[in-house]
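Chemist: Questions regarding the structure given below will be posed in turn.
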Amino acid sequence: MTNSYPVPFTEVARRERPRRVLIVGTSALLAVVLAVGAASRPADTIAARTTATILLPMLNSPSAASLDPAAQADAGSAQVDSQLFESLTAIDAAQRVQPALAASWETQLDGKRVIFHLRPGLTFSDGSALKAADVVASWMRVLSPANPSQLASLLDEVTGARAYREGSGKKSAVGIQATSDKDIQVDMASPAVDFPAIVSSPTLAVVPPGIDSNPRLLSPGSFVGSGAYVITALSATETTLAANSHYWAGKPAITTIHLLSSLGGASPVDEFQAGRLDYTPIEGGDATWVAYDKTLGASLRVEPSPSVEFYGFDTTKAPFSDVHVRRAFELGIDWSRIVMLKGDPLRVRATGMVPAGVPGHSVTDFGPKLDLATAKSELAAAGFPNGVGFPKITLVTTGTDLDAAIIRQLHDNLGIDISYRILDWDTYNNQLLHDPPAFWQMDWVADYPGANDFLGLLLGSGQPNNFGRWSNSAFDTAIAHALAATETGSMQQSFDAAQAIVSDQAPVIPVDYGAGYTLAAKGLLGALPNSEGLVRYAGLAWATGS
């Protein structure tokens, strides 16, 4: 989530939101219901089996820091945190906002105020009361000017929130307050059309008081959370979760979950086939043959996803501070062809930054299009005819399957030779935040189903995840108009205007919308990602006889 979250691009690592789902042997309706953690389940679907082993979507081990919703910033951590800490709302597989800790909510003042009403009798996993003040404190931690969350901009629509996190506003001016033990009032700068969806993000989950002064609350044995599970063990290769008997929706049917962050070099397909994994992401290359395998085919889930992979530039430094250079890269590479040659039928050319399936996706094609004549003209206008004199730059990624083709086409089409470097995810993310490479890549999945998560939060001036540090007043104005719109057509028109600016100025180049592939064991019900690409383990259950 996001959702939305920055993740390195590998097919195993991609955390993506389903647009349509192929489920073999499982009721899609039941899966949707289970995916939001329903408290009651038909008795004949619950079997004696109460454990499951799952491979995380990123092969890295959660740490104490990544278990903090305000600190996590990757797909694997988000998947774990969303089980340990609950938000006020949840998003189901059909992109509908569902009640979670909040039983209901209402809007006032023409949509500029949202009041959330907590469920009665909520507690943390240790049995202590969970109150509205805990929600406010959790969100203010995300905004803390001393150490704001990488995704703190999710709250930018809240009055005074951005000024506070940037250090120019007062805490008391932030429009978030508890008006009673069960009610949270949020005042917005513009009508809160998407705010109930935004607060479903794991970043905005509720943590217990004292978490900053007592980090042991995040440790196995003394862990306290608000979600369906608590953490009981943590190692370099495995995280063990136990069902929270105080969970608002009832104790989950699967009481112990083993989350693996490493297979020691073994193949996820082999481990699944051997019965050592119950649910696992797999690579697209494996999915192409698994789909036709008589034994494994029925276990394959194909989840086309409106996540977007894009390449970007440090627009504050030469050569990419020059729009002519950025346009040359946008027009001088056959992006469609290099995506097609990867042979993944569900991985399609991007037509803009907002993926298909996300509200605000446009019917207009804003994607990059090959035009060598114009690309060479743009490069010459920047002072580098046929690539002569182009400075040394390095493409830095975590290692994607498009990188080699991009480097080759820059050489063949534009006469530009660049170097290449691969970094581990933590190092890469830190560099993007503090000293971005000249040329970089990102695969982004929304934190909530909304166009602004792919536009304003990624490209707005001064936003934390605007890794290329691009700034354009016309773009910012278009986003502001979209967020203030109360009518769908007007909102779409403004988002389209923003995307047209991105296409023209090329601070980033959207490349493709991908797909996720998973294997789910026979009889595992509810193994369906929600619209933020997260599987809610509270909704998992084994069918009778499994």
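Chemist: Give me the one-decimal nm value for the distance between modelled label points at SER377 and LEU433, 7 Å along each residue's Cα-to-Cβ direction.
Modeler: Each label point lies 7 Å from its Cα, and together they span 4.3 nm.
Chemist: Residues of region 485-511 with backbone nitrogen within less than 14 Å of a virtual label 7 Å along the Cα-to-Cβ line of ASP110, please, listed as ranges.
Modeler: Once the point is set 7 Å along Cα→Cβ of ASP110, 485-487 turn out to lie under 14 Å by backbone N, inside region 485-511.
Chemist: Quick check: from the Cα gyration tensor, does region 260-418 come out rounded (a/c under 1.5), prolate or oblate?
Modeler: It comes out prolate by the Cα gyration axes.
Chemist: Suppose the chain between SER219 and ASN147 were pulled fully straight at 0.36 nm per residue; how much longer would it get relative to their current alpha carbon spacing?
Modeler: The SER219-ASN147 span can extend by a further 23.8 nm.
Chemist: What length, rounded to one decimal in nm, is gained on full extension from VAL388 through to SER461, with 0.36 nm per residue of separation minus their alpha-carbon distance?
Modeler: 23.0 nm
Chemist: Quick one: check the C-alpha center-to-center distance for region 74-122 versus region 228-259, whole angstrom.
Modeler: Here the answer is 20 Å between Cα centres.
Chemist: For Cα pairs less than 8 Å apart in space and 6+ apart in sequence, what is the mean separation divided by the residue count of region 379-439, i.e. the relative contact order in percent?
Modeler: 41 percent
Chemist: Label the chain by shape, choosing from rounded, prolate and oblate, from the square roots a ≥ b ≥ c of the eigenvalues of the Cα gyration tensor; if a/c is under 1.5 it is rounded, and otherwise prolate applies when a/b is larger than b/c, oblate when it is not.
Modeler: Oblate is the answer for the chain, as a/c is 1.5 or above yet b/c matches or exceeds a/b.
Chemist: Between SER262 and SER490, what's the calculated FRET efficiency when r is the beta-carbon distance and R0 is 35 Å? Round to 0.05.
Modeler: Values: r = 49 Å, r/R0 = 1.40.
That gives a FRET efficiency of 0.10.
Chemist: Here's a follow-up. Hey, which lysines would be in cross-link range of LYS182, C-alpha to C-alpha under 27 Å, not counting anything within fewer than 8 residues on its own chain?
Modeler: Answer for LYS182, where 27 Å is the Cα cut-off: LYS112, LYS131, LYS170, LYS171, LYS251, listed by chain and number.
Chemist: Can you tell me which of 189-198, 407-416, 323-332, 274-283 comes out highest on packing, and rank the rest after it, using the mean Cβ neighbours within 10 Å?
Modeler: On the way: 189-198: 21.6, 407-416: 17.5, 323-332: 23.8, 274-283: 20.0.
Descending mean neighbour count gives 323-332, 189-198, 274-283, 407-416.
Chemist: At R0 = 51 Å, how high is the FRET efficiency between ARG408 and SER180 if r is their beta carbon distance? Nearest 0.05 is fine.
Modeler: According to the calculation, E is roughly 0.25.
Chemist: Any idea how far apart THR544 and ARG276 come out in nm if each label point goes 7 Å out from Cα toward Cβ?
Modeler: 3.4 nm
Chemist: Below 10 angstrom from the Cβ of LEU457, what's the summed charge of the other residues (Lys, Arg +1; Asp, Glu -1)?
Modeler: -3
Chemist: For the chain, with only Lys/Arg (+1) and Asp/Glu (-1) charged at the beta-carbon, what is the dipole magnitude about the Cα centre, in debye rounded to 20?
Modeler: Dipole about the Cα centre, nearest 20: 600 debye.
Chemist: Let me ask another. Full extension from LYS522 to ILE422: what is 0.36 nm times the residue separation minus their Cα-Cα distance, to one decimal in nm?
Modeler: Once the chain is fully extended between LYS522 and ILE422, it gains 32.2 nm.
Chemist: Which whole-Hz couplings ³J(HN,Hα) result when phi for each residue of region 115-126 is put into the Karplus expression 6.51 cos²θ - 1.76 cosθ + 1.60, θ = phi - 60°, listed in order with x for Gly and Pro?
Modeler: Using θ = phi - 60°, the values come out as 10, 9, 10, 5, 5, x, x, 5, 9, 7, 5, 8 Hz.
Chemist: Near the amide H of GLY399, under 5 Å away, which other amide H atoms are found, from residues 5 or more places off or on another chain, if H is placed in the peptide plane?
Modeler: LEU423
Chemist: For region 218-230, what does the Karplus curve 6.51 cos²θ - 1.76 cosθ + 1.60, with θ = phi - 60°, yield as ³J(HN,Hα) per residue in whole Hz, taken in order and with x for Gly and Pro?
Modeler: Listing the rounded values in order: 9, 9, x, x, 10, 5, 9, x, 10, x, 6, 9, 10 Hz.
Chemist: Right, next: Pull up the cross-link candidates among the lysines for LYS294, meaning alpha carbon to alpha carbon under 22 Å and not fewer than 8 places away within one chain.
Modeler: Correct list for LYS294: LYS522.
Chemist: Between beta-carbons, use under 10 Å as the cut-off and find the net charge around GLY225, counting Lys and Arg +1, Asp and Glu -1.
Modeler: In short, -3.
Chemist: Nearest 500 deg cm²/dmol is fine: what mean residue ellipticity at 222 nm does the chain get from its DSSP H runs of n ≥ 4 alone, each adding -39,500 (n - 2.57), divided by its residue count?
Modeler: Result for the chain: -7000 deg cm²/dmol, rounded to the nearest 500.
Chemist: Whole-Hz Karplus ³J(HN,Hα) for region 318-330, in order, using 6.51 cos²θ - 1.76 cosθ + 1.60 and θ = phi - 60°, x for Gly and Pro?
Modeler: These are the phi-based 3J(HN,Hα) values: 5, x, 8, 6, 8, 4, 5, 5, 4, 5, 4, 5, 5 Hz.
Chemist: Would you order SER336, SER168 from fewest to most other beta-carbon atoms within 10 Å of each residue's own beta-carbon? Present the calculation step by step, with values, prior to reporting the outcome.
Modeler: Working: SER336 17, SER168 9.
Arranged by neighbour count, lowest to highest, SER336, SER168 become SER168, SER336.
Chemist: For region 335-469, what is the relative contact order in percent, using Cα pairs closer than 8 Å and at least 6 residues apart in sequence?
Modeler: 22 percent
Taken together, the values in this text are just the output of simple stated rules run on the coordinates, not laboratory data. The shown structure was predicted, so the numbers you read here are calculated from the model rather than taken from an experiment. Using ideal geometry, Cβ is built from the backbone for each residue, glycine included, and neighbour counts are taken over all protein chains shown.
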